[in-house]
Structure formats: C-alpha cells, structure tokens
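Undergrad: This is the structure I want to talk about, given as structure tokens.
The values are calculated or read from the model by the stated rules, or taken from the named source; none is laboratory data. Nothing here was measured: the structure is a model prediction, and the numbers come from that model. When we count neighbours, we look across all protein chains shown, and the Cβ atoms used for this are built from the backbone with ideal geometry, even at glycine. Just so you know, the surface numbers come from the protein's heavy atoms only, side chains and all, with ligands and any DNA or RNA stripped out. Shrake-Rupley method; radii C 1.70, N 1.55, O 1.52, S 1.80 Å.
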Amino acid sequence: MSFRASVLTLYPEMFPGALGLSLAGRALENGIWSLETVQIRDFATDRHRSVDDTPAGGGAGMVMRADVLARAIDHASPAGDPRPRLLMSPRGHPLTQARVRELATGPGAVIVCGRFEGVDQRVIEARGLEEVSIGDYILSGGEPAALVLLDAVVRLLPGVMGNETSGEHESFEAALLDHPHYTRPQEWAGRSIPEVLTSGNHARIAQWRQAEAERLTAARRPDLLEGRDQALTK
Ligand code: SAH
C-alpha cells in the first residue's frame with residue numbers, strides 16, 4: 001500500500017510543485033506515493049462561492065469558514081479514513097524528524113492548508129485536526145508548509161532514496177546535527193580534507209564524525225543535547 005496524501009487548498013496549482021521533480025517526483029510517477037488535491041472552494045454553496053468571512057469579535061483579516069472546510073474534509077477523508085488529519089498552522093506542534101518518521105510509516109495524511117488569518121476553531125475541534133508548524137515564522141499560506149512536510153516524509157518511504165541507509169546518519173536522527181562533509185578534490189583553494197577522512201581507518205573516521213557532530217550540536221543547538229540527556233536518563 002502506498003502513502004496517500006490528500007491536500008485541501010485554495011491553490012491546487014501549487015501541487016505537486018517541487019515534489020514533481022527529483023526523488024519525490026520519481027516516487028510519485030512510480031506510485032510509491034500518491035497526491036490528490038481538493039479545491040476547498042468547490043465546497044462553497046453561496047452565490048459568490050465564498051470560503052472566508054470576517055472574524056467574530058472584529059479585527060483585521062478574514063477567517064476560513066468551518067462549514068465549507070468541513071464539507072471539503074468530509075469529502076477527502078470520510079469517517080473511517082485511517083489517515084491523520086493535519087492542519088498546517090504556526091500555532092501547532094513544531095514538526096520533528098520523529099513525527100515525520102511516524103507519518104512515513106503510516107497510510108498517508110490529509111493536509112489542510114490555511115489562508116488568511118487561519119481557520120474557524122470549531123472545525124479544528126470537530127474534525128480532530130492536528131495542528132503542525134514548520135517553524136516560528138508566518139507564511140502567507142499553508143501550501144509551502146505542506147510541501148515541506150511531504151518532502152520530509154516522502155524521502156523516507158521505502159524505495160525513494162537510492163541509498164537506503166543514507167537516512168540514518170543525518171541531523172536529528174540521533175538528536176545530533178550532522179558532521180561536516182567533504183569530497184574531491186583533495187586540495188581546494190588552499191584547503192585540504194581533514195587527514196583522518198582519507199586515512200582509511202574506519203574506526204577513527206567514525207570517532208571523528210561523532211566528535212564533530214557533538215561539537216557542532218553543543219555550539220549551535222544545545223537544546224538538542226538537553227533533550228537527548230533527558231531521554232537517556234528517563
Ligand atoms: N493569524 C495566524 C497566521 C495565519 S498565516 C497566526 O498568527 O497564527 C495563514 C496560514 O498559513 C495559516 O493558516 C497556516 O495554514 C499557514 N502557515 C503560516 N505559517 C505557518 C507555519 N509556520 N507553519 C505551518 N503553517 C503555517
């Protein structure tokens with residue numbers, strides 16, 4: 001069974017976008033995953049096909065209507081659909097590699113892309129939407145966030161990455177940032193590759209990489225080390 005993604009959006013033309021190329025694009029062609037877009041506006045019922053309205057309580061901007069969005073969700077993900085329903089949202093849980101891995105082992109995802117000021121709170125509750133953020137900044141819509149999430153998930157699907165093991169030594173997989181990488185030429189612009197990497201001594205190379213990963217993580221992301229120490233002492 002392949003991974004099934006359904007994306008609910010006002011801009012279906014944004015998909016598959018970057019995911020139609022390279023690894024994800026080939027995997028899409030090969031049926032390793034599938035992508036369906038649902039135009040939320042198709043579920044509007046009034047004369048103007050409106051999907052948004054002014055915020056209750058006043059203020060700037062517009063809010064996506066609960067009734068329209070719920071009809072789109074029910075169409076894409078009827079009761080009994082085993083896939084998690086995600087709402088891209090800066091208020092959500094920050095996306096982690098652990099959650100990405102979990103999603104990649106599941107049946108797929110239903111992804112709602114917000115626009116305007118966001119969506120009516122009642123549909124989030126009534127349809128059990130899990131809010132997911134891709135970082136502490138504001139995008140103009142959930143579409144780029146959905147592309148980011150799907151890119152991270154799709155590359156982990158079996159058969160997508162050429163080298164099946166290459167996903168295991170990357171940043172975050174061990175709560176550490178990745179070590180630095182080098183490739184030929186041996187000498188470039190007066191800089192040479194660290195001697196240990198060309199020594200052929202695999203134990204020393206592994207040790208050096210581990211030490212570099214720890215050094216970089218301590219310098220740049222001490223929060224990751226704290227999380228790891230806590231996990232180890234639990
Ligand atoms: N008023 C909202 C921002 C709305 S931005 C707030 O301050 O929280 C419009 C839409 O873009 C959101 O509904 C969401 O779907 C998407 N979006 C914006 N930033 C995002 C982020 N960091 N992660 C995921 N989705 C985001």
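Undergrad: Counting just the Cα atoms, what span does the stretch 170-233 cover along each of its three principal axes? Round to the nearest Å and put the largest first.
TA: So the three principal-axis extents are 42, 25, 15 Å.
Undergrad: Please report, as a whole percent, how much of the solvent-accessible surface of the stretch 58-212 comes from carbon and sulfur atoms (probe radius 1.4 Å). Intermediate results must be reported in sequence, preceding the final value.
TA: Working: 4620 of 8570 Å².
That fraction is 54 percent.
Undergrad: Which order do the peptides 114-121, 207-214 take when ranked by the mean count of other beta-carbon atoms within 10 Å per residue, highest first?
TA: In decreasing order of mean packing, 114-121, 207-214 become 114-121, 207-214.
Undergrad: If you roll a 1.4 Å probe over the heavy atoms of the protein chains, what accessible area per residue do you get for the chain, in Å²? Display every interim value, and only then the final one.
TA: Details: 13660 Å² over 234 residues.
Per residue, the chain has 58 Å² of solvent-accessible surface.
Undergrad: Sorted from largest down, give the three principal axis spans of the alpha carbons of the stretch 124-234, whole angstrom values.
TA: 60, 35, 30
Undergrad: Okay, moving on. Given points 7 Å out from each Cα along the Cα-Cβ axis, report the ARG122 to LEU21 separation in nanometres with one decimal.
TA: 4.3
Undergrad: Grab the DSSP H runs of the chain that are 4 residues or longer, score each as -39,500 (n - 2.57), total them, divide by all residues and round the 222 nm result to the nearest 500 deg cm²/dmol.
TA: Dividing the helical sum by the residues of the chain leaves -10000 deg cm²/dmol.
Undergrad: Okay, moving on. Rounded to whole Å and sorted largest first, what semi-axes of the equivalent ellipsoid does the C-alpha gyration tensor of the chain yield via the square root of 5 times each eigenvalue? Walk me through the numbers on the way to the answer.
TA: Values: eigenvalues 333, 83, 56 Å².
In descending order, the three semi-axes are 41, 20, 17 Å.
Undergrad: While we're here: Could you work out the Rg to Rh ratio of the stretch 85-175, with Rh taken as the Kirkwood radius (inverse of the mean 1/r over all Cα pairs)?
TA: On the way: Rg = 14.2 Å, Rh = 14.1 Å.
Radius of gyration relative to Kirkwood radius: 1.01.
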